[in-house]
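Input: a single structure, listed below in structure tokens.
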Amino acid sequence: MRNLWGLVFVIVVANAAQARGRDREKLLGFGDDGLSLMYTEPGDFGALGDFGSEGVKTVGVLLDARTGRVAREFLIKKQGEATPEDKAWIKSAGTRADFDAWTAANHPSCTSEKVSPDGKSTVEVTTRSRGITVAWKKGKWTFESPVDKQDEKKGTFDLTLTRDGKSTVVSTWSASSPMAEAGAGFSGEFSVCWPAHGRRLGWVVRRSPGMMRDEGEFQVLIAPVDGTRIQLVADKSLLADAAATVGEALDKAGFTPTSSKASNEKTARPASVVYAAAGFEEAAKKLALAVPGGATVAKLDWKVPFDLIVGIGATAVPAKK
């Protein structure tokens, strides 16, 4: 047992040494248009050693709030010698000057309270999972579960928005503690980011590190203030262009998509289809009219945390010349 705890101690110390110099994730907030959200986070840089990378970097991440996808990344600072992979990424990333220019032009900001800036909406985080507690304190929700050396701890959490007396789950997040079998706890925190104006809010998740090499988790999700959860889905060959094109068109038409992902189809579908959960059929018909190239409507008959799913077809994406 002494040898085992000695090994754990060595690994934890090594990880702590690696962690020194890594900036903590920081949410800057939504830009003036309410359609872009900026945050910074640490990352690995340089060759990998026995206990991770030799260096670290700080990256600015710009999310498209209509799709939940990364629109651009910026290299803010770095420490260590770049590998060929690092050099290729640097060529595609923006510079610190680009990052500073974007923040100066767009004034990103956040309000991290339960109540929206206009006072019309409130949010609450709850869990459906046994043995996990959630508590609000000092502008954030914390969650934790007792240490259990036998069972892996899993948790599912809902962000519920109440407006005009109606409460709706607008986003869901699930995770587990990968080191639960070794006696690690499952804990972390949630906070929200209200824009000065706009139809979306950010939901920020931080899962605390477990034991040994578990670095925890940081994720920024987008939720709709109007309560209708819309996801865009397309073949991976079309996804980047399709999500951007359809996301912009739907937003201009008054809809609020907040998420996108690649489909499991082997080839891109020829035409778009809007899948509607029960009770959202009429909304689906109106949304279908706003999809570039048009769309048909079908029943959403599989379990997902969305009310409307837009299966984007090739007709929605202009052919590249």
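The values are calculated or read from the model by the stated rules, or taken from the named source; none is laboratory data. Everything quoted here is computed from the prediction, not taken from an experiment. No Cβ is skipped: glycine too gets one built from the backbone with ideal geometry, and neighbour counts run over all protein chains shown.
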| Taking Glu248, is it touching a residue at least 60 places away in the same chain (Cβ under 8 Å), among the charged types (D, E, K, R) and not in a loop (DSSP other than H, G, I, E, B)? | yes
| query | Just checking, which of Thr67, Thr103 is touching a residue at least 12 places away in the same chain (Cβ under 8 Å) and either charged (D, E, K, R) or not in a loop (DSSP other than H, G, I, E, B) (or both)? | reply | Thr103
| Are there any pairs with C-beta distances below 6 angstrom linking a residue in region 32-44 that is assigned by TED's automatic domain parsing to the domain that holds Asp64 to a residue that is of a type in the set (S, T, N, Q), with the two at least 6 apart or on different chains, and if so which? | Asp32/Asn106; Thr40/Thr58; Pro42/Thr58; Asp44/Ser53
| Residue selected from region 205-243 under the condition among the basic types (Lys, Arg) and out of contact with any Gly (no Cβ under 8 Å at 6 or more places or on another chain), by the criterion modelled with the highest pLDDT | Arg229
| task | Hey, could you check region 71-95 for residues that are among the acidic types (Asp, Glu) and surrounded by 16 or more Cβ atoms within 10 Å (Cβ to Cβ) and say which is nearest to Leu27 (Cα to Cα)? | result | Glu73
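Would you check if Thr127 is at pLDDT below 95, surrounded by fewer than 16 Cβ atoms within 10 Å (Cβ to Cβ), out of contact with any Ser or Thr (no Cβ under 6 Å at 6 or more places or on another chain) and of a type in the set (Ser, Thr, Tyr)?
It is false that Thr127 is at pLDDT below 95, surrounded by fewer than 16 Cβ atoms within 10 Å (Cβ to Cβ), out of contact with any Ser or Thr (no Cβ under 6 Å at 6 or more places or on another chain) and of a type in the set (Ser, Thr, Tyr).
Residue-by-condition table, conditions (1) over 24 Å from Gly198 (Cβ atoms); (2) loosely packed, with under 14 Cβ neighbours inside 10 Å:
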position	(1), (2)
Lys57	yes, no
Gly60	no, no
Arg69	no, no
Gly119	no, yes
